[in-house]
Structures are given as structure tokens and as C-alpha cells.
Amino acid sequence: MTVPTYDKLTPPKEGTRVTISGGKWNISDDPIVCLLRGDGIGMDVGNVPGITACAVKVLDAAVKKAFGGKRKIAWFDIHAGDVARKMYRPNVTDEQVGTLNENEQRQLYLPDDTLKAFEYYALGLKGPLTTPIGKGIRSVNVALRRELDLFALLRPCKSYPGVRSRYEDVDLVVVRENTEDLYAGIEFAEGEPQTLELIDDIERLGGRKIRADAGISIKPISVFGTRRVFRFGFQWAIDNGRHKVTAVHKANIMKHTDGLWLRVAEEVSREFPQIEFEDRIVDNMAMQLVQKPELYDVMVMPNLYGDILSDLCAGLTGGLGLAPGANIGDEVAVFEATHGSAPKYAGLNKANPMAMMLSGVLMLRHIGEGVAGDRLEQAIARVIAEGRSVTYDMKPERDDPTAVGTSQVADAVIEMMGSSPNGAAR
Ligand code: NAD
């Protein structure tokens, strides 16, 4: 791949690019990681650091403490969302946005510079991005996943002692297909000429009548898309010491989409005989997760069910402030928290940075720095268990005066990691 040239970015002078050959990630002691700080609680406001800056601080400390300075992450600041719009196209007014075509709108919030950097450096840590309201672009996050073909969204949901939750010992992983299904963005608005034409075609080809005043969203699920996400799920289960994969579907009703999903899942399961395989219908899965979450391990789901059930699983383990995530493709991986940009908390030093830090833990494991990742996760778990240096959302009452701020959580986690290169968390 040729070295990209950028409009407004300067790559770090130090560090080595991560490369992928034959599915294997080649990672040096000083990998370059693209850093997208994000909007709202993700960004720094004046002297107040956002959750991304706090996550970077603890990740740097974790790597330093685990490897005694032998390894170091080289961060490359790149931009998207409102920050990118201000930086790249400050003169475009809100009124003008509606007149831009789809690609121009994408470039406004997701500049080519950013895509080039992710494609070249293959690895990123990302803060949340605000979805522009009523301006045409559906979601910057969805656009990013689509442009980079980040087909698997990994969402581990784990109980940490000390978190207020109705459940204990939950340890679930949702793998959500990220590119197809009803979220593919193939939609037809009610009353539009193309929609009426499509309604006619469906009646002619399928013999089914659709009301003329219907809007339509299309649900594509392909053999290719299903196979690669199940292969990812099974391989992730093996690499991470898991024992079972559950395929989630509604194959009894949607035979040609979810039916295909289940058939391909069964085929792929035969490639991984060391991992137990089963399937569940999605409505039953929802009930089972609430009643007996301990029965499940890794669950692979189409896009829509994955969106809903991963939030359900986050709810089982203490909510959004603790739910990490990773968007993974064959060529690029981007790690990010499940929650959004919570704009009302921007610049207040109030938001919980732990989901962002735990996304960093996933990244450290992905790049072979599992020792640092384990150490960081243990320190976060100890800070939660002690219950002193936690943000408002982890206190019994939302206005608890003993809640600390975002940056104080980072300081507490770093202190908890201890100082000797090989020592355990204190
Ligand atoms: P949100 O997750 O940003 O916030 C919902 C509520 O959850 C907040 O009001 C807050 O009370 C709480 N919360 C969320 N994160 C928290 C944290 N780290 N610490 C403490 N409390 C936290 O969801 P929303 O309000 O629906 O979305 C806000 C914006 O974020 C929207 O524009 C949405 O599109 C976007 N979004 C982005 C992503 C992403 O970047 N991956 C994901 C979801 C939503």
C-alpha cells in the first residue's frame, strides 16, 4: 500500500505501522494507533480532558508498567464528527449541508484524510461521534463501519464486583454483524415514485400486496457476510478461551434471510469442532438472557438483534458506562465504547471513562499486549470494587457528592496499577 498524503494530518514521527498479511496482524513494540477523540464527552474542552484523553493516559501507563518502557504506543490524532467539520469545512453552513450530495456530506463529518489513515495504519481507538440531526447523513459511525468494512462488532459484557446490578458473574460476548440486515441503509420513503415502483414490482414478483402508503427497509443477509462473521466469532472464541457459540436468529419466520444465517452458521460450526455450537430464536434468547445469562458464552447475531441484545447485556452488567466494544474487519480494527457522545456532559469532567478504557483493554489484547491489558482490567476492577474513585453513574444516587470526575478515575486506575514493571496491581 502506498503511503497516503493528507490534507491536514501529520503522522507521528516515531512508531511503526501495523500490517496484516494472510490474516495475521504484525505488530511491533511501538505500533502506530489512530486516535479519534470524538465529540461530546470524547473531546477535551479547554483544560478538561474527555474520556478519550483519559483512556490514552491509562493505556500509556499500562503499557509502560507492563513492559518497563520496552513498548510504547505511538498515537496519531485524526478527526471526524463535529470536530472534523469545524477543521476541514468551517464555512459550510447548516442550511448548505442539506444541499450537499451523500458523498459530500460524508466528507464533511468523515474526511478522506481520516479514512486514509485508518486504512493505512489498520488500528484505531475511537471516541463517540454525535449523529448530525436532520442533516441528511444517517450516522458517522455507520458510515465509518461501512467505508472500512468493519464487519464484526464485538461487545463483551462482564460483571465486575462492586457494580450495582441485579446480576452477578455475567460474562457474555455479543458478536454483531455490522454491515447487512435492516441496517444496510437500503430504504425507500413512503409515497416516493421509486417506492411505489418497488411496491408494484414486489406484488408482481412475490404475489404479495403492500399498502401504497408504506415505507420500506430492505433486509439483505448474504452467505458471504454470514460466513465471515461466524468465522470471526468462532476464532475469537478459540483465541480467548471461550467454549460455546450461540447463533441467534428468527429463522422460523424469515426463512430466506435468517434461515440462510442459521444454515451458514451450522456449516461454519463444523470447521470449529472444538467449540460447542447451538442456536436460539431471538425472542427466546432475550428471555433466556434475563433469566439464565450464565448459560451463554459467545453469541453471534445479525445487525438489528445485535444492536438490541448488546444493550440488554450491557444492562445486565451495570450499564453503558462499562460496556466496551470493537469494530473489526479483515484489514482494519477500531476500538470504541458502546455508549454515545452524551453531549450534555461534554467538558464537565463527569462522564465515566471506564467503557473507553475497557475498549483499550480489548485493543491491547488484539495487538498482543495482553499482559498490559490484563493489568489494566484488574486495576479498573479494583477501582470499581473499592467504590471510592468512581463517577456519578456508578453511585447509588445520581447526585452523590462523593462521585469523582473523569480524570480522577484515570488517576485512580493508574495508581492502582502499581509501579514496578512486573508487579501485579496493588
Ligand atoms: P449516549 O450513550 O450518548 O447517552 C445516553 C445517556 O447515557 C447519557 O445522557 C448519560 O446519562 C449516559 N451515559 C452515556 N455514556 C456515559 C458515560 N460514559 N458516563 C456516564 N454516563 C453516560 O446516547 P444518546 O444520548 O442516545 O446519543 C448521544 C449522541 O451519541 C447521538 O448523536 C448518538 O447518535 C451518538 N451515538 C454515538 C455512538 C458512537 O459513537 N459509537 C453510539 C451511540 C450513540
TODO: Counting only residues that are within 14 Å of the ligand (Cβ to nearest atom), give me the helices (runs of 4 or more DSSP H) lying completely in region 100-173 with at least 3 of them.
DONE: 140-147
Task: Tally, over region 174-189, of residues that are in contact with a helix residue (DSSP H, G or I) (Cβ under 8 Å, 6 or more places away or on another chain) and part of a loop (DSSP other than H, G, I, E, B) - done: 5
Task: Val48, sole failed condition from (1) within 16 Å of the ligand (Cβ to nearest atom); (2) more than 24 Å from the chain's Cα centre (by Cα); (3) closer than 21 Å to Ser139 by Cβ - done: (3)
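Out of the residues in region 7-59 meeting the condition of being on the phi > 0 side of the Ramachandran plot and assigned to a loop (DSSP other than H, G, I, E, B), tell me which one is most open to solvent (accessible area, probe 1.4 Å).
Step one: of region 7-59, the residues on the phi > 0 side of the Ramachandran plot are 15, 22-23, 38, 40, 46.
Checking the rest, the ones that are also assigned to a loop (DSSP other than H, G, I, E, B) come to 15, 22-23, 38, 46.
Working: Gly15: 30, Gly22: 93, Gly23: 66, Gly38: 6, Gly46: 74 Å².
This residue is Gly22.
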Task: Residue match in region 376-389 (condition: open to solvent by 40 Å² or more (accessible area, probe 1.4 Å), in contact (Cβ under 8 Å) with a residue 24 or more places away in the chain and either near the ligand (Cβ under 10 Å from one of its atoms) or on the phi > 0 side of the Ramachandran plot (or both)) - done: no
Open item on the list: Quick check on region 253-300: of everything there that is small (Gly, Ala, Ser) and touching a helix residue (DSSP H, G or I) at 6+ places or on another chain (Cβ under 9 Å), which residue is nearest to Ser222 (Cα to Cα)?
Closed with: Ala265
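To keep it simple, each residue is scored yes or no on (1) more than 30 Å from Lys292 (Cβ to Cβ); (2) modelled with pLDDT of 90 or more.
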residue	(1), (2)
Thr93	yes, no
Ala122	yes, yes
Lys126	yes, yes
Pro156	no, yes
Tyr160	no, yes
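In this structure, is Ser310 over 30 Å from Arg17 (Cα atoms), among the hydroxyl-bearing types (Ser, Thr, Tyr) and free of Cβ contacts under 8 Å to residues at least 60 places away in the same chain?
no
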Task: Residues within region 60-98 that are away from the ligand (no atom under 16 Å from the Cβ) and either among the polar types (S, T, N, Q) or not in a helix (DSSP H, G or I) (or both), tallied - done: 17
TODO: Hey, can you tell me all the residues within region 270-305 that are crowded, with 19+ Cβ neighbours inside 10 Å and polar (S, T, N, Q)?
DONE: Asn303
Task: Val413 being open to solvent by less than 20 Å² (accessible area, probe 1.4 Å), more than 11 Å from the ligand (Cβ to nearest atom) and modelled with pLDDT of 90 or more - done: yes
Open item on the list: Suppose we keep only residues that are under 21 Å from Leu260 (Cβ atoms) and either of a type in the set (D, E, K, R) or in contact (Cβ under 8 Å) with a residue 60 or more places away in the chain (or both) within region 200-225. Which one would you say is most open to solvent (accessible area, probe 1.4 Å)?
Closed with: Arg208
- [ ] Go through the residues of region 306-314 one by one and say whether even a single one is away from the ligand (no atom under 16 Å from the Cβ) and not small (Gly, Ala, Ser).
- [x] no
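Yes/no matrix, rows are residues, columns are (1) touching a residue at least 12 places away in the same chain (Cβ under 8 Å); (2) within 16 Å of the ligand (Cβ to nearest atom); (3) open to solvent by 20 Å² or more (accessible area, probe 1.4 Å):
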{"site": "Leu316", "(1), (2), (3)": "yes, no, no"}
{"site": "Leu320", "(1), (2), (3)": "yes, yes, yes"}
{"site": "Gly325", "(1), (2), (3)": "yes, yes, no"}
{"site": "Pro343", "(1), (2), (3)": "yes, yes, yes"}
{"site": "Met363", "(1), (2), (3)": "yes, yes, no"}
{"site": "Met394", "(1), (2), (3)": "yes, yes, yes"}
{"site": "Arg398", "(1), (2), (3)": "no, yes, yes"}
Task: Lone qualifier among Gly127, Gly162, Gly98 - being closer than 25 Å to Ala323 by Cα, open to solvent by 50 Å² or more (accessible area, probe 1.4 Å) and among the small types (Gly, Ala, Ser) - done: Gly162
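Just checking, which of Arg85, Arg155 is under 17 Å from the mean Cα position of the chain (by Cα) and of a type in the set (D, E, K, R)?
Answer to the check: Arg155.
The values are calculated or read from the model by the stated rules, or taken from the named source; none is laboratory data. Please read these numbers as outputs of a predicted model, since none were measured by experiment. Note that we place each Cβ from the backbone using ideal geometry, even for glycine, and neighbour counts take in every protein chain shown. Just so you know, the surface numbers come from the protein's heavy atoms only, side chains and all, with ligands and any DNA or RNA stripped out. Shrake-Rupley method; radii C 1.70, N 1.55, O 1.52, S 1.80 Å.
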